[in-house]
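S.K.: Sharing a structure below in structure tokens format, with a few things to ask.
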Amino acid sequence: MSLEPVPLASVVASATGSGVVWALPAGAGVNVNLVRLDGAGTIGEHVNDAVDVVLVGVAGTVAVSVDGIDVALGPGELLVVPAGARRAVTARGGAAGYLSLHRERGGLMPRGS
């Protein structure tokens, strides 16, 4: 694992489209993904039954819906989504980026709505 800092906002700014633009390599004990959403980007509603998930705003603003409650998440803000909660994430007002972090687990996928 590298000890070099990752310039998260710069990675988001230089990327295009929607999706994971950086990820911590597997085997670190924690899953960390930097997700970029373009102006129309969304991560559809889904449930992760296995672990709590920490979301950290990096660039722009995302609307996070957790069990039907909408929360705006901006740069430097942190939100904990409990295991079993239904969630969706949508860019607000242009491209946005956020980190998704949770303990590493294998073979499990979030289930859809």
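Here, each number is a calculation from the coordinates, and none is a lab measurement. Quick caveat: nothing in here was measured; it's all calculated off a predicted structure. Using ideal geometry, Cβ is built from the backbone for each residue, glycine included, and neighbour counts are taken over all protein chains shown.
S.K.: Kindly provide the helix-only [θ] at 222 nm of the chain, computed as the sum of -39,500 (n - 2.57) over DSSP H runs of four or more divided by all residues, to the nearest 500 deg cm²/dmol? Write out the running numbers ahead of the final one.
M.R.: Values: 1 runs with 7 residues, N = 113.
-1500 deg cm²/dmol, from helical runs alone.
S.K.: Still on this structure, please answer the following. Please work out how much length the chain gains when fully extended from Thr42 to Ala23, using 0.36 nm per residue of separation minus the C-alpha to C-alpha distance, in nm with one decimal. Could you put the intermediate results ahead of the total?
M.R.: Numbers: separation 19, 0.36 × 19 = 6.84 nm, distance 1.85 nm.
Gain on stretching Thr42 to Ala23: 5.0 nm.
S.K.: About the Cα centre, and with charges only on the beta carbon of Lys, Arg (+1) and Asp, Glu (-1), how big is the dipole of the chain? Nearest 20 debye, please. Could the numbers behind the result be given before it?
M.R.: Working: 7 positive and 9 negative charges, 25 e Å.
In debye, rounded to 20, the chain gives about 120.
S.K.: Please quote Rg/Rh for the chain to two decimal places, taking the Kirkwood radius as Rh and restricting both calculations to Cα atoms. Show your work: numbers first, answer last.
M.R.: On the way: Rg = 13.4 Å, Rh = 14.2 Å.
Reported Rg/Rh, Kirkwood definition of Rh: 0.95.
S.K.: Put +1 on the Cβ of every Lys and Arg and -1 on every Asp and Glu Cβ in region 8-105; which of Gly27, Ala88, Leu73 then has its Cα farthest towards the positive end of the dipole?
M.R.: Ranked along the dipole, the leading option is Gly27.
S.K.: Based on alpha-carbon centroids, what's the gap between region 1-34 and region 81-99 in Å, whole number please?
M.R.: 16
S.K.: R0 = 22 Å: FRET efficiency of Ala83 with Val6, Cβ-based, nearest 0.05? Intermediate results must be reported in sequence, preceding the final value.
M.R.: Working: r = 26 Å, r/R0 = 1.20.
Rounded to the nearest 0.05, the efficiency is 0.25.
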